[in-house]
Amino acid sequence: MLESRRRDIRRKAEAFKENCKTNIYGIINLFEECTRKGYKLIRYPLGEQGVLGFALKRDGDYIIFTNSSIRLSRETFTLAHEIG
């Protein structure tokens, strides 16, 4: 990955993290913070072998779908990955 891309990702992550409830480990509840910031979240169980998640923009809404059948830590990672 290009260094400029890494800097851009880090800048976006830091901007998202501003005004979030955090502790020494990071954002306390990423699902709650995404909803508060206007993201539309859909958590649906697709089984452990199903798709992990995806994001799309539709009619001005940013929608993130995650598979709730997987471990919560993996689902949280997927959510963080899809924030745009």
Where the accessible area of the chain is counted over protein heavy atoms with a 1.4 Å probe, how much of it, in %, is carbon and sulfur?
-> 52
At R0 = 22 Å, FRET efficiency that the Cβ-Cβ distance of Lys57 and Leu2 yields, to 0.05 | 0.40
Contour minus Cα-Cα span, Gln49 to Lys21, at 0.36 nm per residue, comes to 6.9 nm
Quick one: Karplus J couplings for region 75-81, per residue in order, coefficients 6.51, -1.76, 1.60, θ = phi - 60°, nearest Hz, x for Gly and Pro?
-> 5, 5, 4, 4, 4, 4, 5
Taking θ as phi - 60°, what are the ³J(HN,Hα) couplings along region 11-17 by the Karplus curve (6.51, -1.76, 1.60), each to the nearest whole Hz, with x for Gly and Pro?
-> 4, 5, 5, 5, 5, 5, 5
Name the residue farthest towards the positive end of the dipole of the chain from the options Leu46, Leu2, His81, assuming +1 on Cβ of Lys and Arg, -1 on Cβ of Asp and Glu, about the Cα centre.
-> Leu2
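Any idea what % of Cα-Cα pairs in the chain are farther than 21 Å?
34
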Here, GluC sites (Glu not before Pro) of region 1-66 satisfying both criteria (DSSP loop; at most 16 other Cβ within 10 Å) are Glu18, Glu48
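In square angstrom, what is the accessible area per residue of the chain with a 1.4 angstrom probe? All intermediate terms of the calculation are to be shown ahead of the outcome.
Details: 6400 Å² over 84 residues.
Each residue of the chain exposes 76 Å² on average to a 1.4 Å probe.
The values are calculated or read from the model by the stated rules, or taken from the named source; none is laboratory data. What you are looking at is a predicted structure, and each value in this text was computed from that prediction instead of being measured. Note that we place each Cβ from the backbone using ideal geometry, even for glycine, and neighbour counts take in every protein chain shown. Note: areas computed on protein heavy atoms with side chains; ligands, DNA, RNA excluded. Shrake-Rupley method; radii C 1.70, N 1.55, O 1.52, S 1.80 Å.
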